[in-house]
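The values are calculated or read from the model by the stated rules, or taken from the named source; none is laboratory data. These figures come from a predicted structure and were not determined experimentally. In this analysis, Cβ positions are derived from the backbone assuming ideal geometry, glycine residues included, and neighbour counts consider all displayed protein chains. The protein model used for the area step is the full one, side chains on, heavy atoms only, and it has no ligands, DNA or RNA in it. Shrake-Rupley method; radii C 1.70, N 1.55, O 1.52, S 1.80 Å.
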Amino acid sequence: MASKGLRVLSTGLQPKCSLSYRGLFQQLAKGGTVTIVSKRSCSYFTYVPEEPPETAGEVRQMNLCQAVNNAMEIALQTDPTAVIFGEDVAFGGVFGATRDLATKFGKDRVFNTPICEHGIAGAGIGVAIAGSTAVIEMQFADYIMPAFDQIINEASRMRYRSGNTFTSAGLTIRAPSGGINHGAIYHSSSPETFFTHMPGIKMVIPRGPIQAKGLLLSCIRENDPCIFFEPKILYRSAVDMVPTEDYMIPLGKAEKIQDGSDLTMVAWGTQIHVLRDVAKLAAEKYGITCDIIDLRTLNPWDMDTVANVRRNRLKQLRSFSA
Amino acid sequence: MATSRRVWSFSRRLKLHFSSLKPIYAAAPCVPVRFQGSSQQSGDHVITDAFKPPKEAFTLEDRPHFPGSSSKWTEKLCFVEPTRYDGIPVYRVMDRDGQIMDSTQDPNFNEETVVKMYHTMTLLNTMDRVLYDSQRQGRISFYMTNYGEEGTHIGSAAALDDKDLVFGQYRETGILMWRGFPIQQFMNQCYGNNAGGDKGRQMPVHYGCTERCFVTISSPLATQMPQAVGSAYAYKRAGNGQVVITYFGDGASSEGDAHAAFNFAATLDCPIIFFCRNNGYAISTPTAEQYRGDGIACRGPGYGMSAIRVDGNDVFAVYNVTKAAREIAFKENRPVLIEAMTYRIGHHSTSDDSSAYRSVDEVRYWDKHDHPIGRLRKYMFRKGLWDDDKEQAWMKKSKQTILTAFADAEKRKKSSPVECFRDVYKEMPWHIERQMQETKEHLAKYRDQYPLDKFDSWDD
């Protein structure tokens, strides 16, 4: 008897199923078919993969989380002083961003800390003061707040207050940020603006995997402390063909990803993809064409790219999730 | 260590006291179980056993097997009461008259070392007096003295290697002085002039020096502690033969960063010495309002660290414990906590008048009867290493050294105003460059409104 095909309704980005996963696999094992039907249940966006540069050599399919993992792997390979630490990073992290790194590079280089964000940030600063490289993780950007004192009063001011003798240049702080299906109040925060207005640190947010890898490697190698927020909703849903080589994308440079003539739209991270859909809608419904500029680095931001628009277009829309 | 417990009937007590909910447990004569871990005693150093949990291998014996604790069962409901055990004793070498109590603890310094210790402590004291008065005269903006705590600085600094990294709080000037930081540089930083290492960006006493491995002081309390732990971890990986020491006060130990640092240092096996200067006050807050437990040393075992309490006014004792702590930290890659008991004879700073919250008699007692400089002087007199003539000559010379540096620092100009914009990042970004340019134009246009003759000029 032929098995009935199973239709799985996908709301948002994760497939939801009335059967358990076991039931799903049993269905597949019997030779049945599983069809995943996407149905928008709320406002969302479509991720459009970025094309790798023409000069890129070997490429490999990676989602944003895997691209971040790849960047950290390259950092650990090329910088023998680099260490990665935070809560639960040793087994791979709650999102898998540090998967396999402890196995490959050793527990002294990729290790867990107690649950204490100000301790993680402070220790990261200390590693940097000693001349080594620290890539620290805040489990969620929502929990970066206890580390606020160390970031604002210490990391950002270290070079300035010591007359350029001590620095926390080797410090990079990573955190998953932004909204997700089920995160609610305390797993969806976008606190980047708290740090955007602080001199002495750099604030960077990528829009996809190719961007994430290059920007994170730049952050890790930058001669200033950097904060790198990774839009968690893009961890699995954003997939590019990412160059496997060691490459960096410069900080402080925005990128215009779409040209238009009526409106300039500026955003970063997930909102870029929302704006892409908005631009498409605007073009179809109202005949309005839009520039879309991805800031990438929020601090210091690239005013030249944003301001360098056609003079007859004075309207600008900035979109950020809060 | 055997503990004695009175056997009492739990169910009977429960029936009697259930409704009243009286704190019956406080009366239970329980004392905390002291875990006998591996002994730390050796002929080389003189610290006591640490509170370490037993490390027996997993057996089928009827013991609890929780991942969070290796211990044993008890059927006696008994709280570990903080008031039912003696405080950690205070280690000393000399009594208040400078007499060695136990000759086996005498570090047996040669004359040169003892004299250097005395010279440094008194030079620091003289510099404090001059700079405190200069603030009162409006010549510098702010100052913090080290009166009464000179022993903690010099004793610990002498026990360290000069390349050990120091993270201070703000009252550790003596460490820098021991390491040869020029008096001129202290003065320059306090004056905020163009030769001060921080280019006038920080308040006075916020010294720093890469050459002498002294991380620049910052004002927020205890932030240096987890940073010191991170540096210690990096030093361990680098295998550079150095340890890290971080100083903090009794007040700063209440900060969350102190807890973070203790816990991280222990769990990450860091070669770090935590040195607490317990001087009795955090500005106006006495220790009775700062903590309820037995000071700071008692927290060490709670985090899995060795700890010791020492007489901070006994420079030899401070030396001995720091030396022993350094050996443990370096050889065994684990943190050690030292609590140096002392007294803050001066005000918190020039912005404070401590007569508002403590009696002048109390201060006078410590100044006259239990002062680290006085104690060392008595020792030196007793040993024939010092006398009144040498004292007079040295006081004259040290004051001259201070005043010469002072006069030079006062003459210097301040750094150029455009230094405000430099060193924020390694490379100046466009928006700070623009602000700097706007400031230059503003100053050029309105130069008569600003005392620019007191500042270095700048390139346009």
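Here are the numbers:
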read-out	value
Sole residue being touching a residue at least 12 places away in the same chain (Cβ under 8 Å), of a type in the set (Asp, Glu), out of contact with any Leu (no Cβ under 9 Å at 6 or more places or on another chain) and surrounded by fewer than 24 Cβ atoms within 10 Å (Cβ to Cβ), chosen from B:Asp294, B:Asp250	B:Asp294
Residue in region B:305-321 that is part of a helix (DSSP H, G or I) and polar (S, T, N, Q) present	yes
Which listed residue is among the basic types (Lys, Arg) and at the interface with chain B (Cβ under 9 Å from one of its Cβ atoms), from A:Arg207, A:Arg159, A:Arg174	A:Arg159
Residue, surrounded by the most Cβ atoms within 10 Å (Cβ to Cβ), within region B:161-188, restricted to residues that are charged (D, E, K, R) and closer than 18 Å to B:Val243 by Cβ	B:Glu172
Residue list for region A:147-193, restricted to those being assigned to a helix (DSSP H, G or I), under 21 Å from A:Val135 (Cβ atoms) and either aromatic (Phe, Trp, Tyr) or in contact with a His (Cβ under 6 Å, 6 or more places away or on another chain) (or both)	A:Ala147, A:Phe148, A:Gln150
Test: residue in region B:380-401 that is open to solvent by less than 80 Å² (accessible area, probe 1.4 Å), hydrophobic (A, V, I, L, M, F, W, C) and outside any helix (DSSP H, G or I)	yes
Residues that are assigned to a loop (DSSP other than H, G, I, E, B) and either closer than 29 Å to B:Ser134 by Cβ or touching a Lys or Arg at 6+ places or on another chain (Cβ under 7 Å) (or both), drawn from region B:402-425	B:Arg412, B:Lys413, B:Ser415, B:Ser416, B:Arg422, B:Asp423
Yes/no for B:Ser349 being open to solvent by less than 10 Å² (accessible area, probe 1.4 Å) and more than 14 Å from every other protein chain (Cβ to nearest Cβ)	yes
The listed residue being within 8 Å of chain B (Cβ to nearest Cβ) and surrounded by 23 or more Cβ atoms within 10 Å (Cβ to Cβ), out of A:Ile129, A:Ile151, A:Ile136, A:Ile144	A:Ile129
1 or more residues open to solvent by less than 10 Å² (accessible area, probe 1.4 Å): qualifying strands (runs of 3 or more DSSP E) within region A:208-271	A:226-231, A:239-243, A:263-267
Any pair with Cβ under 7 angstrom, 6 or more apart, that starts in region B:431-449 at a residue that is in contact (Cβ under 8 Å) with a residue 12 or more places away in the chain and ends at one that is of a type outside the set (A, V, I, L, M) and loosely packed, with under 15 Cβ neighbours inside 10 Å	B:Lys440/B:Asp460; B:Leu443/B:Tyr450
Pick from region A:97-126, criterion more than 9 Å from chain B (Cβ to nearest Cβ) and open to solvent by 30 Å² or more (accessible area, probe 1.4 Å), ranking: nearest to B:Pro271 (Cα to Cα)	A:Lys107
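Residue by residue, here is whether (1) touching a strand residue (DSSP E or B) at 6+ places or on another chain (Cβ under 8 Å); (2) aliphatic (A, V, I, L, M); (3) under 24 Å from B:Val205 (Cβ atoms) holds:
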{"residue": "A:Ile144", "(1), (2), (3)": "yes, yes, no"}
{"residue": "A:Asp149", "(1), (2), (3)": "no, no, yes"}
{"residue": "A:Thr172", "(1), (2), (3)": "yes, no, no"}
{"residue": "A:Tyr186", "(1), (2), (3)": "no, no, no"}
{"residue": "A:Pro191", "(1), (2), (3)": "yes, no, no"}
{"residue": "A:Phe195", "(1), (2), (3)": "yes, no, no"}
{"residue": "A:Leu216", "(1), (2), (3)": "yes, yes, no"}
